[in-house]
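To keep things clear, I will list the structure first and then write my remarks on it.
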C-alpha cells in the first residue's frame, strides 16, 4: 500500500508549531530554578505525586508505543495488551509498597549507585555502562519513530524530522532537567489521552462500531484466528503466547522495567516524601488500566480498514493521515509529539544522570561541587542528543520498531533483575557473585539471540530469551556467592530489605 504524504492543513501546522514552541519555552523557563545537580537530576526532591505518576505513564507509552503497539496489534492481535495489564499493573503495585519507598529512603541518585553500595564498584560500573549505552540506543529509536510519522503526515525528510525532534527536546531538557521533564510530561499526558481517544473514537465509527469490528476480524480466516484472543496458545507463531507473556514478561521484563529501570525510577527518587513516592506509582498504575484500550484499538481497527500493510508500524500514522479532519489532525499529531518527547526527555535525563553520577563523579572528577556536576550533566545531554541522531537510522533496518526496542531490553533486563532481586532479598549474595551472574546472564541472552532460529518457533522470541537469561544470571550469582566469601554483615545490614536504609553515601 502506498501512502500519501505532506497533507497537513494550515491549522494543523499552526497547532503543532504552537505546541513545539510552547513546550520549549516552558522547559527553558523552568531552567531558571535549576542551581545544583540535585535540582537538575532529581528536581530538588520536590516533585508532586500527581505529576510524577503522569510522567511515568506518558514516558512508558511514548511515540514508540503509539506506533509500535498499534503495529503489533495489527500484526498479532489483542494479546499485546498484556504488556500493560500483566506487564505493568502487578509490578507497579509491588514497586509502590516495597521497592520505591526503599530507594527513596536510601537517598541515591541512581539504581547503579544502590547496587554499588550493596555489592561493589565493579557491579555499579557494569550496570551503569549497560544502562548508559542502552539509553543512548533508545534515543535513536525514539527519534526514528517520530521521523517516520512526520514523513507520512508532513512530507518532511526523515533526517530533517530526526534533527527537529532532537533540537526541541534537547533544549528544554538541557535547561530544565528532571523538573522540566516531569511537568512537561504531565501536560503531555493529557494531550496523549485526548488525542488517542479521538483517533480511537473516529476510527471505531468509521469501521461501523465495536460489534462490526469483531465480526469482520472473526471472518478473516485462520491467519487471524488469535487476533481476538488475550491468551494465545504456547505453540502459536507469535511472540505474545501465554508462556512468553507469563515467564518472559510478567516474571522478568515487567519487574525489571518498573523496579530497576533508571529512566522510570529516577522521577520517584525526586518525590517530596516517601508517601508521595508511593502515591505516584499507584496513580500511574490506575492510569495504566486504560492504556491498552487506546493503543491496541487502532491496531485492530486498522486490520479492517487497511488490510495488507507490509509493515504494521505504518497503521497508526496511516489512520491519523486518512481519518482525521483538519484541526483534529493537529491535536492528535501534537499528542503524538507529546508522547515522543516524554520518552526522549526521560531517557536523555536518565542517561545524563548515570554517566555523570556513576562514571564521571565516581572515576573521573570526584569531590567537585554540585554546580560542577550539574554543568557536566547538561553537556552530556547535548552529546547524547547528537549520538541519538546518528543512531536513529539503525531502527529502519529492523522489521518492527517495537521488536527492536524490546529486543535491546531483553538482552540485559533479565540479568539485571536477577542481581537486583538477590541483592535486595538475599544477604548472602556478594559482589563477585553479582558480577559473574550479570556477565553470565548477558552472555546467555546474546548466545540465545545468535541461535534463536534453531531453538524458537516464534519470529521474535525476546520474551523467552529474557526468561532464560534471568535464570542463568540467578544461578550464576547464587553459585559464585556460595563459593566465595560472604559480604560483611555490617556493610549490608541497611541495604537488604527489612533492614532499614543506610542514609550515608
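Values computed for the structure shown
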quantity: Three-way shape call for the stretch 303-373 based on the alpha-carbon gyration tensor, with the a/c threshold at 1.5; calculated: oblate
quantity: Sequence ranges 427-437, 204-214, 72-82, ranked by mean other-Cβ count within 10 angstrom, highest first; calculated: 72-82, 427-437, 204-214
quantity: FRET efficiency estimate (nearest 0.05) - Cβ-Cβ, residue 167 to residue 211, R0 41 angstrom; calculated: 0.35
quantity: Burial order of peptide ranges 290-299, 383-392 (average beta-carbon count within 10 Å, highest first); calculated: 290-299, 383-392
quantity: Between helix 370-391 and the chain: long-axis angle, C-alpha atoms, 0 to 90°, nearest 10; calculated: 40
quantity: Structure-based [θ]222 nm, the chain - -39500 (n - 2.57) summed over DSSP H runs of at least 4, per residue, nearest 500; calculated: -22500 deg cm²/dmol
quantity: Peptides 346-352, 156-162, 441-447 ordered by average Cβ neighbours within 10 Å, highest first; calculated: 346-352, 441-447, 156-162
quantity: Computed lengthening from residue 201 to residue 273, 0.36 nm per intervening residue step minus Cα-Cα distance; calculated: 22.0 nm
quantity: Average Cα contact separation per residue, the stretch 227-307, under 8 Å, 6 or more apart, as relative contact order %; calculated: 11
quantity: Distant alpha-carbon pairs in the stretch 23-145 (separation over 23 angstrom), percent; calculated: 51
quantity: Cβ-Cβ FRET estimate between residue 13 and residue 425, R0 fixed at 51 Å, reported to 0.05; calculated: 0.40
quantity: More than 15 angstrom apart: percent of Cα pairs within the stretch 273-325; calculated: 60
quantity: Where labels lie 7 Å past Cα in the beta-carbon direction, separation of residue 368 and residue 443 in nm; calculated: 3.6
quantity: Three-way shape call for the stretch 255-345 based on the alpha-carbon gyration tensor, with the a/c threshold at 1.5; calculated: prolate
quantity: Degrees separating the helix 291-305 axis from the principal Cα axis of the chain, which is the longest one; calculated: 30
quantity: Percent RCO, i.e. relative contact order, over the stretch 350-493, from Cα pairs under 8 Å lying at least 6 residues apart; calculated: 27
quantity: Rounded, prolate or oblate (a/c below 1.5 giving rounded, otherwise prolate when a/b exceeds b/c) for the stretch 303-343 by Cα gyration tensor; calculated: oblate
quantity: Spin-label model distance (nm) - residue 475 vs residue 394, 7 Å beyond Cα toward Cβ; calculated: 3.0
quantity: Per-residue Cβ neighbour rank within 10 angstrom, fewest leading, 165, 179, 145; calculated: 179, 165, 145
quantity: The chain: angle of helix 63-76 to the longest principal axis, Cα-based, in degrees nearest 10; calculated: 60
quantity: Spin-label model distance (nm) - residue 491 vs residue 455, 7 Å beyond Cα toward Cβ; calculated: 3.3
quantity: Relative exposure of 143, 440, 26, judged by other C-beta atoms within 10 Å (fewest first); calculated: 26, 440, 143
quantity: Relative contact order of the chain, defined on C-alpha pairs under 8 angstrom at six or more residues apart (%); calculated: 31
quantity: Fewest-first ranking of 372, 151, using other Cβ atoms within 10 Å as the exposure measure; calculated: 372, 151
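Read-outs throughout are calculated quantities, based only on the coordinates presented, and are distinct from any laboratory measurement. This is a predicted model, so every value here is computed, not measured. Cβ atoms come from the backbone with ideal geometry, glycine included; neighbour counts cover every protein chain shown.
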